[in-house]
Amino acid sequence: KDIELASRDLQAAGYEGSTDLKRRFFETILSQTRPTDSSRPIPNSQILFGSTSTGKTFLLRSLFKMLNLVEYNRNKSNNEDADYMFINVAKITDQKTNDPDKISIDDVIADILDLLAQPKGYRASIVF
């Protein structure tokens, strides 16, 4: 029942991927966050693996939207309400640049440290 409701909510948030993918995604999350054996630790990370342009990022963005989570914004002076951060590794450079489509590794590290220092930072998600 939870899976059907979550799939409908995810679709309402804009994700129209396959029904089977949504079902498998939520079954995996639920199985890892509701262990039957209370001594089994709950994982604190997820790996979505697949070919380029298959909807992995869109799935997560839709999930975060469905959950009303707030994305970290490096251009904002206050990120106290941030719940997660997306880092596009293809845009990372080893040196500072004025190119708005690139970000230096030093700036990425500074952003991660800033997110972790926020009130909700210890529970924030960082997506690469």
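The values are calculated or read from the model by the stated rules, or taken from the named source; none is laboratory data. Note that the structure is predicted; figures quoted are calculated from it, not measured. A quick note on method: Cβ atoms are made from the backbone with ideal geometry, for glycine too, and the neighbour counts reach across all protein chains shown. Quick note on the areas: whole protein, heavy atoms, side chains included, nothing else; ligands and nucleic acids left out. Shrake-Rupley method; radii C 1.70, N 1.55, O 1.52, S 1.80 Å.
Here is how the numbers come out for the structure above:
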{"read-out": "Within region 49-72, considering residues that are in a loop (DSSP other than H, G, I, E, B) and surrounded by 13 or more Cβ atoms within 10 Å (Cβ to Cβ), the one modelled with the highest pLDDT", "value": "Tyr72"}
{"read-out": "Given (1) surrounded by fewer than 16 Cβ atoms within 10 Å (Cβ to Cβ); (2) under 22 Å from Lys22 (Cα atoms), number of the condition Val127 does not satisfy", "value": "(1)"}
{"read-out": "Any hit, region 96-109, residues being under 15 Å from the mean Cα position of the chain (by Cα), basic (Lys, Arg), part of a loop (DSSP other than H, G, I, E, B) and farther than 22 Å from Thr52 by Cβ", "value": "no"}
{"read-out": "Flag if Pro119 is touching a residue at least 24 places away in the same chain (Cβ under 8 Å) and part of a loop (DSSP other than H, G, I, E, B)", "value": "yes"}
{"read-out": "Some residue of region 79-87 being open to solvent by 60 Å² or more (accessible area, probe 1.4 Å), in contact with a Pro (Cβ under 6 Å, 6 or more places away or on another chain) and either at pLDDT below 85 or farther than 30 Å from Ile3 by Cβ (or both)", "value": "yes"}
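Okay, residues lined up against (1) more than 22 Å from Phe86 (Cβ to Cβ); (2) open to solvent by 70 Å² or more (accessible area, probe 1.4 Å); (3) at pLDDT 80 or above; (4) not in a helix (DSSP H, G or I):
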| position | (1), (2), (3), (4) |
| --- | --- |
| Leu5 | yes, yes, yes, no |
| Gly14 | no, no, yes, yes |
| Phe25 | no, no, no, no |
| Ile29 | no, no, no, no |
| Gln32 | no, no, no, no |
| Pro35 | yes, no, no, yes |
| Arg40 | yes, yes, no, yes |
| Asn44 | no, yes, no, yes |
